[in-house]
Amino acid sequence: MNWKMKELKLEFRIDKENHKILVEKEFAAPLDIVWSAWTRAETLDKWWGPKPWKAKTKEMQFRKGGSWLYAMQGPEGEEHFSKAEFQEVIPEQRFVSVDYFCDENGKINEDFGKSKWIVEFEPAGAHTLVKIETVYDSEEIMEQMLNMGFQEGFAAGLLQLDDYLEPN
């Protein structure tokens with residue numbers, strides 16, 4: 001990783017009172033490239049999740065009313081499925097989804113609840129700032145996700161996106 005990459009913003013804020021996790025991440029790429037990395041299955045599969053885990057999309061329709069069903073595949077071949085249901089999509093500005101753990105057919109795993117993701121994209125010169133607000137149904141569900149390593153895993157995935165976007 002070059003010196004410029006180390007200076008890119010990555011900030012996590014945990015708002016227990018409103019059961020939210022707020023993340024801001026700056027990427028050294030223009031808006032259209034960063035938007036594409038967040039909204040195309042073939043690109044998401046290259047960076048989403050912490051190594052050695054990999055995302056594998058089963059199906060994706062990135063549009064309002066569409067969804068993304070994918071598995072996180074572990075190094076021993078284990079699979080854990082999640083689904084994002086897109087409620088709003090404004091190209092190159094923001095998308096909103098409801099996310100949850102599920103089975104391979106997209107049936108929710110009620111043990112973990114749902115979260116609402118609001119992901120906003122802002123051009124910043126040659127860079128792009130992405131703001132992610134994740135809202136949980138309760139503080140307990142948010143704490144459960146944090147205890148499962150959400151912050152470390154999500155940060156690792158975002159840093160993998162830095163690597164993916166870095167010019168050769």
Q | Set GLU76, GLU92: member being at pLDDT 95 or above and either part of a helix (DSSP H, G or I) or of a type in the set (Asp, Glu) (or both) | A | GLU92
Q) Filter the stretch 35-61 for residues that are in a loop (DSSP other than H, G, I, E, B) and hydrophobic (A, V, I, L, M, F, W, C); which is nearest to GLN93 (Cα to Cα)? A) TRP48
Q.
Could you tell me how many of the residues in the stretch 140-168 are open to solvent by 50 Å² or more (accessible area, probe 1.4 Å), within 18 Å of GLU7 (Cα to Cα) and among the acidic types (Asp, Glu)?
A. 2
Q | Failed item, numbered, when GLU79 is tested on (1) open to solvent by less than 60 Å² (accessible area, probe 1.4 Å); (2) over 23 Å from ASN18 (Cβ atoms) | A | (1)
Q: Looking for whichever is closer than 19 Å to PHE86 by Cα, more than 14 Å from the chain's Cα centre (by Cα), in contact (Cβ under 8 Å) with a residue 24 or more places away in the chain and open to solvent by 20 Å² or more (accessible area, probe 1.4 Å) here; the options are LYS16, LYS51, LYS64. Which one fits?
A: LYS64
Q) Residues in the stretch 131-141: is at least one assigned to a helix (DSSP H, G or I) and either of a type in the set (Asp, Glu) or modelled with pLDDT of 95 or more (or both)? A) yes
Q) Looking at (1) open to solvent by less than 40 Å² (accessible area, probe 1.4 Å); (2) part of a strand (DSSP E or B); (3) closer than 30 Å to GLU7 by Cα; (4) out of contact with any Lys or Arg (no Cβ under 7 Å at 6 or more places or on another chain), can you tell me which one VAL119 breaks? A) (4)
Q. Just wondering, is there one or more residues in the stretch 109-120 that are more than 20 Å from GLU17 (Cα to Cα) and of a type in the set (Ser, Thr, Tyr)?
A. no
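The values are calculated or read from the model by the stated rules, or taken from the named source; none is laboratory data. Computed from a prediction, not measured in an experiment: that's the story for all the values here. No Cβ is skipped: glycine too gets one built from the backbone with ideal geometry, and neighbour counts run over all protein chains shown. Accessible surface is based on the protein model in full, side chains and every heavy atom, while ligands, DNA and RNA are left aside. Shrake-Rupley method; radii C 1.70, N 1.55, O 1.52, S 1.80 Å.
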